[in-house]
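Comments concern the structure below.
The values are calculated or read from the model by the stated rules, or taken from the named source; none is laboratory data. What you are looking at is a predicted structure, and each value in this text was computed from that prediction instead of being measured. All Cβ positions, glycine included, derive from the backbone under ideal geometry; neighbour counts span all protein chains shown. In case anyone asks, the SASA skips ligands and DNA or RNA and just uses the protein heavy atoms, side chains included. Shrake-Rupley method; radii C 1.70, N 1.55, O 1.52, S 1.80 Å.
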Amino acid sequence: MCGIAGYFGKEKLSPKIISSTLNLMKSRGPDHSESFTHFKGNKRINLLHSRLSIIDLKQRSNQPFILGNYVIIFNGEIYNFEALRKYLNIDNRKFATNSDTEVLLKYYIKYGAKCLEYFEGMWSLVILNTKNNKLFFSRDRFGEKPLFYMSNVKNELYFGSETKFIQSLYEKKININSN
């Protein structure tokens with residue numbers, strides 16, 4: 001189990017908010033935590049990840065994981081990633097890790113949103129294309145790995161694998177009860 005969270009909007013999140021959110025996320029992934037910040041035009045994107053190391057325990061598999069113009073944060077496990085990796089190896093694609101995260105990202109780069117058709121497992125993920133500031137969100141078919149999100153009147157988007165991560169980033173009172 002890992003933790004993911006993030007923000008997309010015009011405001012700059014303070015280092016204190018990012019740090020406190022990463023600290024809150026350690027309960028989901030105590031082995032490593034890190035954030036990635038991207039600015040393009042008047043848009044800012046923050047991706048936060050806390051890792052519970054299960055597959056490829058080396059630092060090279062830490063997240064946010066960057067490959068060219070793409071950045072991924074991922075929570076879950078792709079059960080068939082080794083078979084998917086073998087298929088990509090036929091295309092002479094080189095791998096820097098032994099992780100399912102890298103396989104996920106390479107499938108997204110190759111197939112776009114259709115990559116999801118190949119995955120067997122449980123996941124929530126966010127992929128950023130830094131070239132065009134596009135974010136791609138997905139969770140597994142059964143919602144085993146949740147991905148919550150919230151937008152506000154300022155057209156800001158907050159997201160996370162737990163609502164308390166969103167509350168930590170947003171810093172305002174959120175009513176999560178729907179009456």
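Our compactness index for the range 81-141, the C-alpha radius of gyration over the empirical 2.2 N^0.38 Å, is 1.10. The slack between Met1 and Asn133, meaning 0.36 nm per residue of separation minus the straight C-alpha distance, is 44.8 nm. A simple packing score, the average count of other Cβ atoms within 10 Å per residue, orders the peptides 80-87, 97-104, 161-168 as 97-104, 161-168, 80-87, with the highest score first.
Axis angle, to the nearest 10 degrees, between helix 100-111 and the longest C-alpha principal axis of the chain: 80 degrees.
Name the residue from Leu135, Cys115, Leu24 whose Cα lies farthest towards the positive end of the charge dipole of the range 11-170, charges +1 on Cβ of Lys and Arg and -1 on Cβ of Asp and Glu. My answer, from the dipole projection, is Leu135. Of the residues Lys106, Lys114, Lys94, the one that moves most in a GNM of the chain with alpha-carbon contacts below 10 Å is Lys94.
In the set (1) 89, 38, 37; (2) 76, 35, 28; (3) 50, 34, 33, the label that goes with Cα extents along the principal axes in Å computed for this structure is (3). Counting protein heavy atoms only, the chain has 50 percent of its accessible area on carbon and sulfur, 1.4 angstrom probe.
Sorted largest first by accessible area at a 1.4 angstrom probe radius, with every protein chain in place, the residues Leu128, Leu67 fall in the order Leu67, Leu128. Shown here for the range 1-79: GluC sites (Glu not before Pro) in loop regions (DSSP other than H, G, I, E, B) with at most 15 other Cβ atoms within 10 Å, namely Glu11.
Taking Gly29, Gly160, Gly143 as the candidate residues, the one with maximal mean-square fluctuation in a Gaussian network model of the chain, Cα springs under 10 Å, is Gly143. Rounded to the nearest 20 debye, the dipole size of the chain about its Cα centre is 660 debye, using +1 on the Cβ of Lys and Arg and -1 on the Cβ of Asp and Glu.
Please report the spacing between the Cα centers of the range 5-44 and the range 144-166 in Å, no decimals. Centre-to-centre (Cα) distance: 12 Å.
Lysine pair count for the range 8-144 with Cα-Cα distance under 17 Å and sequence separation of 8 or more or different chains is 21. Relative contact order, whole percent, for the chain stands at 24, derived from Cα pairs under 8 Å and 6 or more residues apart.
Taking 35 Å as R0, compute the FRET efficiency from the Cβ-Cβ separation of Lys43 and Lys110 and round it to 0.05. According to the calculation, E is roughly 0.85.
Summed over the residues of the range 1-44 and divided among them, the accessible surface reaches 54 Å² per residue at a probe radius of 1.4 Å. Remark: accessible surface ordering of Thr130, Thr37, Thr21 (largest first) is Thr37, Thr130, Thr21, probe radius 1.4 Å. Its convex hull of Cα atoms gives the range 1-98 a direction-averaged projected area, equal to a quarter of the hull surface, of 7.1 nm².
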